[in-house]
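Asker: This is the structure I want to talk about, given as structure tokens.
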Amino acid sequence: MAFLGALYLTSRLALASSVSPGALLLVATLGSQIRGQLELLSYAIGSSARGLTMIGHYRWLRDLYQAGTGGTLAAPDRLHDGITLAGVNFSYGGPPVLHDIDLHLPAGATVALVGDHGSGKTTLVKLLCGFQRPTTGTITVDGQSLTQIDPKAWRERVTSAFQDFSRFPFLAGEAVGVGNLPQMHDITEAADKGGATQVFARLPEGDQTRLGKALGDGVELSGGQWQKIALSRAFMRTTPLLAVLDESTAALDAASEYDVYQRYAEAAQRWQQATGGIILVVDAGNLPPTSARKAVYMRKRQA
């Protein structure tokens, strides 16, 4: 409005011969430049405001990290009693997702957790893995509160394969090896058990093939191939105290799923004998009633 007002006033003065026509040109040019500078200033102020908002997010993340690093005790070498949840409640800020959960997972047991989508199965798994803490209630490992155990030490004794697995844009072998960083390049056994070896055989450079398009030059995999990579990661740790399969075979065909559960059952027996580890298998319980799926389901029940 100030710019238009200045043009109007200068035009009136020019028509009255009080100023030269060049004055009108000068006002138009300088006014446009001033408008441009004001737009840049407005953008800079807006960017600064967004930066202040990000500081709030950073402080929230810092506080969350500090809240999850309070434990100092080492994780047990072997489970003797198991994991116990007493009066556990959890909420993401709204209505409770879990309410008054009392549960005992005995050492050396294989437990099936079955429920509808949205019933809180994955949330319960996150609590057991130490990714979240209960809103109220306690989780104990052989009688020791999970909050008192060093989170890093506990997570090193947990292995898991989730339905919403990560698709790391690494070399194919590295995408398996990150399941256990100290043995990152010793992936042969894990790749065989999880099915990644079959994926490597179809890649142009085997396990040295770059995966994904995040870096622009990788090979994209199918959903089932990515899932085999993720399942192989879960086999990288050989002495877990807690092993979780959270609907992790959803993208596999029935034959591949049956094969994975067979191999997982064999590994579970070794884990249970070595560490008293607990095997937790999570399923939505809605498998189609085909003969192949039924065979897989029966195999899960036997495991």
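Read the figures in this text as sums done on the coordinates, not as results from a lab. As the structure is a prediction and not an experimental result, all values here were calculated from the model. Cβ coordinates were reconstructed from backbone atoms using ideal geometry, including for glycine residues, and neighbour counts include every protein chain displayed.
Asker: Which of (1) 19.2, 58; (2) 19.7, 62; (3) 29.6, 102 is the computed Rg and Dmax of the Cα atoms in Å for the structure on display?
Answerer: Checked against the structure: label (3).
Asker: For the chain, take the longest principal axis of its alpha carbons; what is the angle in degrees between that and the long axis of helix 21-67, to the nearest 10 within 0 to 90?
Answerer: On a 0 to 90 degree scale, this one is about 20.
Asker: By the scheme Lys and Arg +1, Asp and Glu -1, what is the net charge of all other residues having a beta-carbon under 10 Å from that of residue 199?
Answerer: That works out to +1.
Asker: Going by how many other beta carbons lie within 10 Å of each one, how would you line up 282, 19, 141, fewest first?
Answerer: Listed from fewest to most nearby Cβ atoms, that is 19, 282, 141.
Asker: Same structure again: Cut-off is 10 Å between beta-carbons; in what order do 171, 73 appear when sorted fewest neighbours first?
Answerer: With the sparsest Cβ surroundings first, the list reads 73, 171.
Asker: According to the square roots a ≥ b ≥ c of the eigenvalues of the Cα gyration tensor, what is the shape class of region 2-67, taking rounded for a/c under 1.5, prolate for a/b larger than b/c otherwise, and oblate for the remainder? List each step's numbers first, then the result.
Answerer: Details: a/c = 11.82, a/b = 6.14, b/c = 1.93.
Note, shape of region 2-67 comes out prolate.
Asker: Could you list the GluC sites (Glu not before Pro) in region 165-223 that lie in coil according to DSSP, counting only those with at most 13 other Cβ atoms within 10 Å of their Cβ?
Answerer: Loop-located and lightly packed - 205, 220.
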